[in-house]
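Scroll down for the structure; my scribbles are underneath it.
The values are calculated or read from the model by the stated rules, or taken from the named source; none is laboratory data. The structure presented is a predicted model; accordingly, all values stated were derived computationally and were not measured. Please note: Cβ atoms are built from the backbone with ideal geometry, for glycine as well, and neighbour counts cover all protein chains shown. Ligands, DNA and RNA are excluded from the accessible area calculation, which covers all protein heavy atoms including side chains. Shrake-Rupley method; radii C 1.70, N 1.55, O 1.52, S 1.80 Å.
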Amino acid sequence: LTRMQFAALCLELPTQELEKECREWGLPVAKLKVAADGDARKTELRELLVAAMLGVPVARFDSAKRVSDVARQFAGLEVLSRDEMEEQCCDWHLPCHESLTVSEYRER
């Protein structure tokens, strides 16, 4: 599935299926202090799955909120132009090179 297809699937899956997907992906739901029940749990499980799909190392975090925050940053980097990517690297005190393409910045 593409990222968009997977996200669309996650939007419609019931909580029990989201929990099953999290187990299959090896996501540490209990460690991340995911909400106990209701819509909040469903939302957090969905966000964990999308974060994992984006490449966020979910198991290294101690809360679902932090995972979601990093996933938003990851997704935000995907839409930056080359100049914006260079500016972001400079803001984060990473090496900035005028010769790099946006793809090369993303791979760093």
Legend entry - Length released on extending from SER103 to ALA36, taking residue separation times 0.36 nm less the Cα-Cα span: 20.1 nm
Legend entry - Solvent-accessible area per residue, Å², over the chain with all protein chains present [probe radius 1.4 Å]: 66
Inset, instruction - Would you mind telling me the share, in percent, of accessible area of the chain contributed by carbon and sulfur at probe 1.4 angstrom? - result: 52
Legend entry - Helix-only CD estimate at 222 nm, as mean residue ellipticity for the chain, using -39500 (n - 2.57) per DSSP H run (n ≥ 4): -19500 deg cm²/dmol
Legend entry - Unit charges on C-beta of K, R, D, E only; dipole of the chain, Debye: 500
